[in-house]
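For reference, the structure I am asking about is given below.
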Amino acid sequence: MPVGRRQVLTAAAVAPVFASIGLPASGESRAARFLVGRGVADVTGPAAENGMMGYSMPQQQTAGIHLRTLVRAFVVDDGARCAVFATAELGALFQSVHQEVLRRLARTYGERYTEQNVLLNATHTHAACGGDSHYAAYDLATFGFQEQVFEAVVSGIVEAIVRAHEDLEPGTVAMGRAELTDASANRSREAFDRNPEADRAHFPDAIDPGVTVLRFRQGERDVGAICWFATHGTSMTNTNRLISSDNKGYAAYAWESTDPGFVACFAQTNAGDMSPNLALEPGTGPTDNEFDNTRIIGERQLRAARAAFDAATRPMSAAVDHRLCYVDMSAVAVDGRFTPDGRQHRTCTAAIGVSMLAGSREDGPGLPVPEGMRNPLLEWLGGANAPVPPELADEQSPKIVAVPFGAMQPHPWCPQVLPVQLMRIGDLHLAAGPAEFTVVAGLRIRRAVAAELGVPLSDVLVQGYANAYSQYVTTPEEYDSQQYEGASTLFGRYTLPAYQQEFSRIAAAMRDGRQVAIGQLPPDMTGTVPSFQPGVLFDAPPPGHDFGDVLAQPRTRYRTGERVTAEFVTGHPKNDLRRGRTFTEVQRLLEGRWTAVADDRDWSTTYRWRRTGAASSAATLTWQIPPDAAGGRYRLVHHGDRKTGGAIASFTGVTREFVVS
């Protein structure tokens, strides 16, 4: 591979640092010292009238913010190779985003950060903005491609990686483990029980309780952690309209709130059949309140993560490695050593099954397009009633094909050329795949990779939702039951064996120190999906008012634990996403100056937006006063933006003071 000018300059810049800490310039395992860096940025999309990604419900349009969605990035450099790991609080990490992030990184860093050593993934919250895919299937519920969402996500991820790069300092990485048994439930037990006893015995409670944490230190200071645990981002239900990072976002927020400057990343793994709704109904378990459930499931992950973090006392070997190739998952010849019957089989063109349209009753039932609702994107595409080729129906059996995504014209509705990546950080190996893997599907991939590398199974994790998105991957046995997950396994009964084969291939290359051919590059689908979501024409305040006016003032006195509410005349949030900033501030008077103590990123605040007329709208801010809030004088502040005469201008509204005691 040719070496870029920026890569040479970057290597020259970090070489003196490695020389000063005594690291040889080779890729072999050696003293447990790295350069490590971390960064955080905002990826929150439009807080009003933008479809959410996850439940595929067109009526689930954003109407405010509960927790801003962030991206957390880590860079690890061993002196010879480096790796980027970035987790975004999104429903999915689409191939469109992966491609554009890599393009922008190349402009700054040349060939230092490429598809080979950059691993992008999503937490799979179902309460973040959607519309940033270049494939129609994932933009139906958002009425097409949403450029604002795409730009917010791409810019945020790039910012976080740049910040992590600029944060690089000598440090160590250690690994710890724990178990968590009360933050997930198997939502597809009928399918799980079809697996062989050897697989089921590995998960006696039908869940993956494993918690794995990487502990990052710079010098003698803890600076960050990545925690992997399998549970869906569906504590918030499909009736919620507030942007939220869900249970994993709460866990990250709660940890970071106790240690300013610390970066806490809660990543997904094989969560395909793992629900946080412990009573196996939307918004239930452990309580009947979706906000409480989000917090409680987040707190449980946080406690387990801290236990694993505390157990991570021995730095790992300072080794980084990575391999990535692209595979046309619709046309893989799978060797018999990966199939249940020992015979060769093939994958096939992507298609979804009828039971996928019913949704998951445990996390969010419902058709993608409710009966009676017109979807202009679907109509523009020519409808979803494309004929199913007889050979595809046979290949996908026993799935009853509902929509042949891969055969739709003029463009496939989902990606079929997909990235398969293996990344090593110290002793941990991440099998990164662009899908939602069930726990047994993940187990089989982990076993295949561990066998090729000759490492313990516990040192291999599946990193789902990575670098692209192509729905679910079940075992062949689970596929046969055609539950929601099996019907959403796009490439037929042998999708998982194909992944086992491809991960084994790149694991063998990593073991032997060989590179792998990158394979057929995925197409750039930019511009193939239009947007049918109307934009903002103009804003107008109600008669007798101006932007920022307070329509409903808070009381003058409150006690801790009470809720403060105020309403303001506002503009449309799409005028300015305020990415990296806020719509809401809680300010306290300290030494004669008003100081912000909470904003959109805090659990205690909510920002709700609603239309009050054709062009007028109101913002309702709430602050749930924490039990440990200091007594004193406070006020609520709303920052907004209005569009009049084609120009956008910001404004600020301020309530009267109130006393907290």
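Conditions first: (1) of a type outside the set (Asp, Glu); (2) in contact with a helix residue (DSSP H, G or I) (Cβ under 7 Å, 6 or more places away or on another chain); (3) in a loop (DSSP other than H, G, I, E, B). Residue 260 passes all but one, so which condition is the exception?
Of the numbered conditions (1) of a type outside the set (Asp, Glu); (2) in contact with a helix residue (DSSP H, G or I) (Cβ under 7 Å, 6 or more places away or on another chain); (3) in a loop (DSSP other than H, G, I, E, B), the odd one out for residue 260 is (2).
Follow-up question, since we're still on this one. Please find, within the range 168-192, the residue that is surrounded by the fewest Cβ atoms within 10 Å (Cβ to Cβ) out of those that are farther than 17 Å from residue 270 by Cα and not β-branched (Val, Ile, Thr).
Going residue by residue through the range 168-192, those that are farther than 17 Å from residue 270 by Cα are 168-176, 190.
Okay, now just the ones that are also not β-branched (Val, Ile, Thr), so 168-171, 174-176, 190.
On the way: 168: 21, 169: 14, 170: 18, 171: 24, 174: 21, 175: 22, 176: 21, 190: 10.
My answer is 190.
Separate question: Say we look at the range 217-273 and pick out the residues that are surrounded by fewer than 24 Cβ atoms within 10 Å (Cβ to Cβ) and among the basic types (Lys, Arg); which of these is nearest to residue 66 (Cα to Cα)?
Checking each candidate, the answer is 241.
Okay, moving on. Considering only residues that are touching a Pro at 6+ places or on another chain (Cβ under 7 Å), aliphatic (A, V, I, L, M) and under 20 Å from residue 328 (Cα atoms), which ones fall in the range 428-466? Steps first, answer last, please.
Restricting attention to the range 428-466, the residues satisfying the condition of being touching a Pro at 6+ places or on another chain (Cβ under 7 Å) are 434, 450, 466.
Okay, now just the ones that are also aliphatic (A, V, I, L, M), so 450, 466.
Hit for the range 428-466 is 466, nothing else.
Output the qualifying pairs, or none if there are none: Cβ atoms under 7 angstrom, residues six or more apart or on different chains, first residue in the range 162-179 and at positive phi and not assigned by TED's automatic domain parsing to the domain that holds residue 85, second residue polar (S, T, N, Q) and crowded, with 21+ Cβ neighbours inside 10 Å.
none
I've got another one for you. Looking at (1) surrounded by fewer than 24 Cβ atoms within 10 Å (Cβ to Cβ); (2) out of contact with any helix residue (DSSP H, G or I) (no Cβ under 8 Å at 6 or more places or on another chain), which one does residue 442 not meet, given that it meets all the others?
With respect to (1) surrounded by fewer than 24 Cβ atoms within 10 Å (Cβ to Cβ); (2) out of contact with any helix residue (DSSP H, G or I) (no Cβ under 8 Å at 6 or more places or on another chain), residue 442 is out only on (1).
Kindly indicate which of 104, 68 is out of contact with any Cys (no Cβ under 8 Å at 6 or more places or on another chain), farther than 30 Å from residue 610 by Cβ and charged (D, E, K, R).
104 is the lone residue from the list that is out of contact with any Cys (no Cβ under 8 Å at 6 or more places or on another chain), farther than 30 Å from residue 610 by Cβ and charged (D, E, K, R).
Tell me the residue from 477, 436 that is more than 26 Å from the chain's Cα centre (by Cα) and either of a type in the set (Asp, Glu) or farther than 21 Å from residue 93 by Cα (or both), please. It would help to see each step written out before you state the result.
Working: 436 fails: more than 26 Å from the chain's Cα centre (by Cα).
Sole residue among the options that is more than 26 Å from the chain's Cα centre (by Cα) and either of a type in the set (Asp, Glu) or farther than 21 Å from residue 93 by Cα (or both): 477.
List every residue pair whose Cβ atoms lie under 8 Å apart, where the two residues are 6 or more positions apart in sequence or sit on different chains, the first residue falls within the range 595-609 and is within 19 Å of residue 246 (Cα to Cα), and the second residue, located anywhere, is of a type in the set (Gly, Ala, Ser) and assigned to a strand (DSSP E or B).
604/598; 605/598; 606/64; 607/64; 607/619; 608/63; 608/64; 608/619
Scanning the range 279-303 for residues that are out of contact with any His (no Cβ under 8 Å at 6 or more places or on another chain), hydrophobic (A, V, I, L, M, F, W, C) and under 23 Å from residue 604 (Cα atoms), which turns out surrounded by the most Cβ atoms within 10 Å (Cβ to Cβ)? Walk me through it before giving the result.
Initially, the range 279-303 is screened for residues out of contact with any His (no Cβ under 8 Å at 6 or more places or on another chain), giving 279-290, 292-303.
Those left that are additionally hydrophobic (A, V, I, L, M, F, W, C): 279-280, 296-297, 302.
Pick out the ones that are also under 23 Å from residue 604 (Cα atoms) and you get 296-297, 302.
Numbers: 296: 21, 297: 29, 302: 23.
My answer is 297.
What are the residues in the range 196-209 that are of a type in the set (Asp, Glu) and in a helix (DSSP H, G or I), if any? Walk me through it before giving the result.
As a first pass, look at the range 196-209 and keep what is of a type in the set (Asp, Glu): 197, 199, 205, 208.
Answer for the range 196-209, where residues must be of a type in the set (Asp, Glu) and in a helix (DSSP H, G or I): 197, 199.
State whether one or more residues within the range 363-380 are aliphatic (A, V, I, L, M) and in contact with a Phe, Trp or Tyr (Cβ under 7 Å, 6 or more places away or on another chain).
Yes, because at least one residue in the range 363-380 is aliphatic (A, V, I, L, M) and in contact with a Phe, Trp or Tyr (Cβ under 7 Å, 6 or more places away or on another chain).
Would you be able to tell me the number of residues in the range 267-292 that are in a helix (DSSP H, G or I) and touching a Gly at 6+ places or on another chain (Cβ under 7 Å)? It would help to see each step written out before you state the result.
Filtering the range 267-292 for residues in a helix (DSSP H, G or I) gives 290-292.
This time we only want the ones that are touching a Gly at 6+ places or on another chain (Cβ under 7 Å), so: 290.
So the answer is 1.
Across the range 210-244, which residue is nearest to residue 289 (Cα to Cα) among those that are part of a strand (DSSP E or B) and of a type in the set (Phe, Trp, Tyr)? Even if it seems obvious, please write down each step before you answer.
Initial filter on the range 210-244 (part of a strand (DSSP E or B)): 210-218, 221-228, 233, 243.
Now drop any that are not of a type in the set (Phe, Trp, Tyr), which leaves 216, 228.
Values: 216: 35, 228: 25 Å.
Of everything passing the filter in the range 210-244, 228 is nearest to residue 289 (Cα to Cα).
Per-residue answers, yes or no, for (1) in a strand (DSSP E or B); (2) crowded, with 18+ Cβ neighbours inside 10 Å; (3) within 30 Å of the chain's Cα centre (by Cα); (4) not small (Gly, Ala, Ser):
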position	(1), (2), (3), (4)
544	no, no, no, no
580	no, no, yes, no
607	yes, yes, yes, yes
613	no, no, no, no
634	yes, yes, no, yes
643	yes, yes, no, yes
652	yes, no, no, yes
656	no, no, no, yes
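Restricting the range 58-72 to residues that are in contact with a Leu (Cβ under 9 Å, 6 or more places away or on another chain) and either at pLDDT below 95 or under 25 Å from residue 419 (Cβ atoms) (or both), which is surrounded by the fewest Cβ atoms within 10 Å (Cβ to Cβ)? Outline the logic, then answer.
So in the range 58-72, the residues in contact with a Leu (Cβ under 9 Å, 6 or more places away or on another chain) come out as 58, 62-67, 69, 71.
Filter once more, so that each one left must be either at pLDDT below 95 or under 25 Å from residue 419 (Cβ atoms) (or both): 58, 69, 71.
Numbers: 58: 20, 69: 28, 71: 27.
Step by step, filter the range 58-72, then rank; the result is 58.
The values are calculated or read from the model by the stated rules, or taken from the named source; none is laboratory data. Note that the coordinates shown come from a computational prediction; the quantities given were computed from them, not determined experimentally. For neighbour counting, all protein chains shown are included, and Cβ atoms are generated from backbone atoms with ideal geometry for every residue, glycine included.
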